[in-house]
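These notes are about the structure you will find just below.
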Ligand code: SF4
Ligand code: SF4
């Protein structure tokens, strides 16, 4: 709801006029709320406001078709994170084309500032954000969210996917074209170092 701003010159005696204006605004809002049922507030948490499709809420780790993490444990997200709240331990995958995966992937949601830099940095689009912002827990440990919880988060279906690179990254087609070109020329793993 839009609101008007009244500038008050405090160097002069205001008189009754500002008081009348203030009461008039209060009475208008009272009328809107009680009679027209147009309250500015909602009955949270039963009711929730719609948020943008680019909302930066609690993270999601994407999965491959076989259910394994899409993440290749490159550490780019952990490196770029300004809050230093991403902790990754890498393990080896048997496939020559993937190589690594996160044995451990944790985000400390109490340190996270929800900037989305990790999403921007990820070369695999493996980390996304959701529109979920209900951050409730009874201990700090509960709000350090691990790999499996990031992959299967309760509430995701209800809130939906939020900030992700595919929506706004204008350089993405250029990057994809460059990667495809590299694959065509050198194979999936790029040029091999000469011995
Ligand atoms: S949203 Fe920002 S602060 Fe949070 S984990 Fe990602 S990079 Fe770090
Ligand atoms: S940037 Fe992406 S692929 Fe790399 S470790 Fe983070 S989530 Fe995994």
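The values are calculated or read from the model by the stated rules, or taken from the named source; none is laboratory data. Note that the structure is a prediction, hence the values are computed from the model and not measured. No Cβ is skipped: glycine too gets one built from the backbone with ideal geometry, and neighbour counts run over all protein chains shown.
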_Among the residues of the stretch 87-119, what is the count of those that are within 11 Å of ligand 2 (Cβ to nearest atom) and under 14 Å from the mean Cα position of the chain (by Cα)?_
4
*Specify the residue that is surrounded by the fewest Cβ atoms within 10 Å (Cβ to Cβ); the eligible residues are those in the stretch 32-86 that are outside any loop (DSSP other than H, G, I, E, B) and in contact (Cβ under 8 Å) with a residue 60 or more places away in the chain.*
63
*Checking residue 130 against (1) within 9 Å of ligand 2 (Cβ to nearest atom); (2) surrounded by 15 or more Cβ atoms within 10 Å (Cβ to Cβ), which test does it fail?*
(1)
_Residues of the stretch 87-119 satisfying the condition of being assigned to a strand (DSSP E or B), more than 20 Å from residue 165 (Cβ to Cβ) and within 11 Å of ligand 1 (Cβ to nearest atom)_ = 87, 106, 108
*asked:* Cβ contacts < 7 Å: first residue modelled with pLDDT under 90, restricted to the stretch 137-157; second residue in a loop (DSSP other than H, G, I, E, B), any location; separation 6+ or different chain. Result?
replied: 153/58; 155/132; 155/134; 156/132
*Return the residue satisfying two criteria in turn: it lies in the stretch 120-135 and is part of a loop (DSSP other than H, G, I, E, B) and under 16 Å from the mean Cα position of the chain (by Cα), and of such residues it is farthest from ligand 1 (Cβ to nearest atom).*
134
